[in-house]
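Participant: Input: one structure, supplied below.
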Amino acid sequence: MAHRNGKEERRFQRPRASKPSTLRESAEVSRIAADLLAWYDRNARVLPWRTPPGAGPADPYRVWLSEIMLQQTVVATVKPYFGRFTTLWPDVVTLAAAPREAVLAEWAGLGYYARARNLHACAGVVTRDHGGRFPDTVEGLLTLPGIGPYTAAAIAAIAFDRPVAAIDGNVERVMARLHAIKTPLPAAKPRIRAVADAAVPAERPGDFAQALMDLGATICAPKTPRCAECPLAGDCAGRLRGLAATLPRKTPKPPKPARTSAVYAHFRNDGAILIETRPDSGLLGGMIGLPGPDWTKHPPTPETIAAAAPGAADWQRAETEARHVFTHFSLTLGVLVATGPALQGRRYMAFEAARAAAPTVMRKAMEIARAGLRDGARITASAGVKKNTPPDEGGARWGRAAGPRQDFGKL
Ligand code: SF4
């Protein structure tokens, strides 16, 4: 599978009584499954968490790990992470025994960090409560941390050959096209679920699930489906009606809201950078980061920014801001930089180690801060920032509360 489009549905829906109702429909479903499996036997992608077609179920640990990593992430990005994780922690028991900080650090850069926290928690539950063996049913898998309906179905099908439909964005697209479903998403989901459930064969359901994922990832592409190479072309209503490339239709999403804030990057004289561990709850929970005020809809006031400073220093604002887009909002962080002796009571880490362990947005801020340090003129020339003053006297970009100027030196 190449990409997970959107979050998993909240509730798992069991395969419905929407099985083919006529002999003709039943024969058609069987033919589609046979054609797809024959295509998969010749064209399956070779992936490190898979077994070859017809070789039987794969190791549940590797399937689970890959499925968690692949949520919202493309295969090419996941492969090196998967390799490192399985080298460091070859099974669920060793992963459970690893310090959580180490797991989070190895996860850095993959994004959606709640996945990493749940991954570690799930390994603990499987080790402690299930003797190191994953449950082999959708219902059992759904009781584990971080496993939602899609992931449970995918693991049940691929690792245990259970006849269940695992519907990610790729499968959704294939089904919408195959059945020419014109209702826009998300309203079309129940209908897609029904036809996908009905399509699962009794034989080789695990291979069938992976075949559908591969077809969606390599042939039934989002913008330009390669119908001439598709094993299902003869049965595809979307293709036959000339609708394929326009499906699935989607209800337009409202634009993402924006949030703004600032972070403080303090470099100790030896080059180490001040870091903090973010609270467990909330975005990037448990990951390391740079201190700063909350991320808010309205730009923080100079007073709010000043109040969040980790200590007194000659804070200068970098010219470049760190920008990052999360699932539900986009974020712009101003970067305040200073160097000097260690600030009292604060934790420092070697820059490269901190950079490697930090989530992407914090990594961007760290890089901006260090680039600014190498180019002091660029920092001090920026936006009218003066020594020991709030970061933006103009107030236009940060927002500005009425009141006296605050002095960073006194914090
Ligand atoms: S025929 Fe075309 S649109 Fe239909 S499933 Fe195959 S690639 Fe997708």
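Participant: Under the condition of being more than 9 Å from the ligand (Cβ to nearest atom) and assigned to a loop (DSSP other than H, G, I, E, B), which residue from the stretch 235-252 is nearest to Met175 (Cα to Cα)? I'd like the intermediate steps shown before the answer.
Facilitator: So in the stretch 235-252, the residues more than 9 Å from the ligand (Cβ to nearest atom) come out as 241-242, 246, 248-252.
Retained after the next criterion (residues that are assigned to a loop (DSSP other than H, G, I, E, B)): 241-242, 248-249, 251-252.
Values: Arg241: 15, Gly242: 15, Pro248: 9, Arg249: 12, Thr251: 17, Pro252: 20 Å.
Across the stretch 235-252, the extreme among qualifying residues is Pro248.
Participant: Starting from the stretch 220-234, take each residue that is assigned to a loop (DSSP other than H, G, I, E, B) and list its partners that are near the ligand (Cβ under 8 Å from one of its atoms) and of a type in the set (D, E, K, R), counting only C-beta distances under 8 angstrom and pairs at least six apart or across chains.
Facilitator: Close Cβ pairs satisfying both conditions: Cys220/Arg173; Cys220/Arg177; Cys220/Arg226; Pro222/Arg173; Pro225/Arg177; Pro225/Arg239; Cys230/Arg239.
Participant: Another question, if that's okay. Which residues, counting only those in the stretch 248-285, are at negative phi and of a type in the set (A, V, I, L, M)?
Facilitator: Ala258, Ala262, Val263, Ala265, Ala272, Ile273, Leu274, Ile275, Leu283
Participant: Just name the residue that is farthest from the ligand (Cβ to nearest atom) out of those in the stretch 210-219 that are buried (at least 17 other Cβ atoms within 10 Å of the Cβ) and part of a helix (DSSP H, G or I).
Facilitator: Checking each candidate, the answer is Gln210.
Participant: Here is a further query. Just need a number here: residues in the stretch 200-209 that are in a helix (DSSP H, G or I) and either buried (at least 23 other Cβ atoms within 10 Å of the Cβ) or at pLDDT below 95 (or both).
Facilitator: Our first condition is that a residue be in a helix (DSSP H, G or I); within the stretch 200-209, this holds for 205-209.
Next, only the ones that are either buried (at least 23 other Cβ atoms within 10 Å of the Cβ) or at pLDDT below 95 (or both) stay: 206-209.
Total meeting the criteria: 4.
Participant: Please go through (1) modelled with pLDDT of 95 or more; (2) closer than 26 Å to Arg278 by Cβ; (3) assigned to a loop (DSSP other than H, G, I, E, B) for Phe134 and return the number of the only condition it doesn't satisfy.
Facilitator: Condition not satisfied by Phe134: (2).
The values are calculated or read from the model by the stated rules, or taken from the named source; none is laboratory data. What you see is a predicted model, and the numbers here were worked out from it, not measured in a lab. Every residue, glycine as well, gets a Cβ built from its backbone with ideal geometry; the counts of neighbours run over all protein chains shown.
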